[in-house]
Amino acid sequence: MENKKLKIGIIGLGTVGTGVVKVLKNFDNAEVIQAAVRNLNKKREVEVSNITDDPFKVVNNPEIDVVVEVAGGCDPAYELITTAIKNKKHIVTANKELLAKFGAKIFDLANEYNVAVLYEAAVAGGIPIIGPIKTTLKGNTFTKVAGILNGTTNYILTKMEEKNISYQECLKDAQDLGYAEADPTGDVEGYDAMYKIATLANITFHKRIDVNKIYREGITKISADDIKIADELGYKIKLIGLAQRVPGVEDGELDIRVHPMLVSKENMISKINNALNAVLLEGFPVDKVMFTGPGAGEFPTASSVVGDIMQIAGEFGHTDTILPLTRCTHKEMAEQIDIKHTKNKYYISIKAPNSKGTIGIIGTVCGENNINLSSILQKGIKEDNTAQVIVITEESSESDIQNAIDKLKTHNIEINNLIRVM
Ligand code: HSE
């Protein structure tokens, strides 16, 4: 059978869309025949012969075989993609929010209309991770997927450590250099990482995920002091997206969350710095495997988008069902546990009155709440006559930790910060 040249319609000609058009010029089996943009008058680095400000023209264009959606957001992306599917077009998208919130409906519709929906660029930009989980790692039963899924926050945490500066100072530098957006909320409050771990959990554990049940905490409360003390204790602080089977429960509940963690310097993830991302998978028989690389940017993200397009191009016209391994075949919702039912080791930075017996009170309250301490360290006396005490616990339950914190408060002992330990 002769290969047909794939006709692409692209929605969004921002950084990623521009990269995709540039990279596709290296291939003669696919061409962009139409693009939809928000502002027709904007000057662009690339030319597309047919350009419109109505994205519905792209999804309804009978000439187009594949719709590439790199515009982001859910409105109108959901309607655009579902319309394109109903028009029997294959989809390539980088839209992590759309997949996390509406993935189930989109995948079901795609199965009904027998089209492929590929989204390698939606998780960790240029890192190949969706493809490997769905294909070459298919012989595994996974127990955990975790990683650094947001480059902006990894950049900020890295620079806070290198320059010993506050989060606010570092955010401003990152914005001036173009690493952080003017409104950084999606990145620094953990939403972006939450959408990505939702998709990773879905394909790793073959269960549909309710993104609203994922516990989320960003990096805005991390201080330069936390980073320095963690370093002295042998850890780095990273924003981690984590999804794991609840230990001891067979094929049952999932523990999915995004929050900062102390990561031992011996763990490979601690060495992933600046804007890089990393994804670690644990399972049988592979044991542990880590993927790392650029999680964003014009060409790294275009690498994933064009890779998806080339997969479709390779099969287009040769088979009725393109890329069956990429299809979503599960429908069951995961049982997602609440953070209060999780178990973790904790770093707790405590502000206590400078008085006799304070360390004793901390030890007693922890003991009474089933918390075993791994280390306790007093960092001298501050100018305001308070003592800073750092506690690292052994594995404890989140609800015991919260009870202990409430009890400590009745002794005028406050918590500067609580960070879970990986
Ligand atoms: N804003 C994301 C990041 C990239 O900083 O990693 C796109 O998801």
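The values are calculated or read from the model by the stated rules, or taken from the named source; none is laboratory data. Keep in mind that what you see is a predicted model, and the values were worked out from it rather than measured. Ideal geometry is used to build each Cβ from the backbone, glycine not excepted, and the neighbour counts take in all protein chains shown. Note: accessible area is taken over every heavy atom of the protein model, side chains too, but ligands, DNA and RNA are not part of it. Shrake-Rupley method; radii C 1.70, N 1.55, O 1.52, S 1.80 Å.
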### Message
So the check is Cβ under 6 Å with 6+ separation or different chains; which pairs have a first residue in region 189-212 that's in contact (Cβ under 8 Å) with a residue 24 or more places away in the chain and a second one that's within 11 Å of the ligand (Cβ to nearest atom) and open to solvent by 10 Å² or more (accessible area, probe 1.4 Å)?
### Response
D192/G186; Y195/K96; Y195/E97; K196/K96
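Quick one: which residue in Y167, Y215, Y179 is in contact with a helix residue (DSSP H, G or I) (Cβ under 9 Å, 6 or more places away or on another chain) and within 15 Å of the ligand (Cβ to nearest atom)? Even if it seems obvious, please write down each step before you answer.
Values: Y167 fails: within 15 Å of the ligand (Cβ to nearest atom); Y215 fails: within 15 Å of the ligand (Cβ to nearest atom).
None of the other options fit; the residue is Y179.
Out of all the residues in region 349-376, which are in a strand (DSSP E or B), in contact with a helix residue (DSSP H, G or I) (Cβ under 8 Å, 6 or more places away or on another chain) and open to solvent by less than 70 Å² (accessible area, probe 1.4 Å)? Give the derivation first.
Residues of region 349-376 in a strand (DSSP E or B): 349-353, 373-376.
Now narrow it down to the ones that are in contact with a helix residue (DSSP H, G or I) (Cβ under 8 Å, 6 or more places away or on another chain): 349-350, 352, 373, 376.
Within region 349-376, S349, I350, A352, L373 qualify.
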### Task
Starting from region 316-329, keep only residues that are in contact (Cβ under 8 Å) with a residue 60 or more places away in the chain, then list their pairs with residues that are surrounded by 10 or more Cβ atoms within 10 Å (Cβ to Cβ) and of a type in the set (S, T, Y) whose Cβ atoms are within a distance under 7 Å, requiring at least 6 positions of separation or different chains.
L325/T135
### Message
Is it the case, given these coordinates, that I33 is touching a residue at least 40 places away in the same chain (Cβ under 8 Å), in a strand (DSSP E or B) and closer than 28 Å to E315 by Cβ?
### Response
no
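One line per residue, one yes/no per condition, for (1) open to solvent by 10 Å² or more (accessible area, probe 1.4 Å); (2) part of a loop (DSSP other than H, G, I, E, B); (3) closer than 14 Å to A100 by Cα; (4) in contact with a strand residue (DSSP E or B) (Cβ under 7 Å, 6 or more places away or on another chain):
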position: G126; (1), (2), (3), (4): yes, yes, no, yes
position: G147; (1), (2), (3), (4): no, no, no, yes
position: N154; (1), (2), (3), (4): no, no, no, yes
position: Q168; (1), (2), (3), (4): yes, no, no, no
position: G178; (1), (2), (3), (4): yes, yes, no, no
position: D183; (1), (2), (3), (4): yes, yes, no, no
position: M194; (1), (2), (3), (4): yes, no, yes, yes
position: L200; (1), (2), (3), (4): no, no, yes, yes
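For the subset of region 230-274 comprising residues that are assigned to a helix (DSSP H, G or I) and open to solvent by 10 Å² or more (accessible area, probe 1.4 Å), which member is farthest from F291 (Cα to Cα)?
Among them, the one singled out is E232.
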### Query
Only one of (1) of a type outside the set (K, R); (2) modelled with pLDDT of 95 or more; (3) more than 26 Å from G19 (Cα to Cα) is not met by H330, so which one is it?
(2)
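Out of I361, I272, I need the residue that is more than 30 Å from T135 (Cβ to Cβ) and in contact (Cβ under 8 Å) with a residue 24 or more places away in the chain. Which one?
Working: I272 fails: more than 30 Å from T135 (Cβ to Cβ).
That would be I361, the only listed residue that is more than 30 Å from T135 (Cβ to Cβ) and in contact (Cβ under 8 Å) with a residue 24 or more places away in the chain.
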### Task
Could you check G73 against (1) open to solvent by 10 Å² or more (accessible area, probe 1.4 Å); (2) touching a residue at least 24 places away in the same chain (Cβ under 8 Å); (3) away from the ligand (no atom under 16 Å from the Cβ) and say which number it fails?
(3)
### Message
Among the residues in region 132-147, are any within 16 Å of the ligand (Cβ to nearest atom), over 15 Å from F205 (Cα atoms) and touching a Pro at 6+ places or on another chain (Cβ under 8 Å)?
### Response
no
### Query
T158 fails exactly one of the following numbered conditions: (1) more than 11 Å from the ligand (Cβ to nearest atom); (2) at pLDDT below 95. What is the number of that condition?
(2)
#### Entry: Matching option when the condition is in contact with a helix residue (DSSP H, G or I) (Cβ under 7 Å, 6 or more places away or on another chain) and either surrounded by fewer than 18 Cβ atoms within 10 Å (Cβ to Cβ) or modelled with pLDDT under 95 (or both), among K382, K409, K340
K340
### Task
Could you tell me which residue of region 90-118 is farthest from K331 (Cα to Cα), considering only residues that are in a loop (DSSP other than H, G, I, E, B) and open to solvent by less than 10 Å² (accessible area, probe 1.4 Å)?
N95
### Query
Out of region 38-93, which residues are in contact with an Asp or Glu (Cβ under 8 Å, 6 or more places away or on another chain), within 19 Å of K5 (Cα to Cα) and not aliphatic (A, V, I, L, M)?
K89, H90
### Any chance T83 is under 24 Å from I197 (Cα atoms) and hydroxyl-bearing (S, T, Y)
no
### Task
Sort out which residues of region 218-243 are touching an Asp or Glu at 6+ places or on another chain (Cβ under 9 Å), within 16 Å of the ligand (Cβ to nearest atom) and among the small types (G, A, S), and write them in order of number.
G218
### Residues located in region 203-229, provided they are outside any loop (DSSP other than H, G, I, E, B), closer than 28 Å to G283 by Cβ and of a type in the set (K, R)
R208, K213, R216
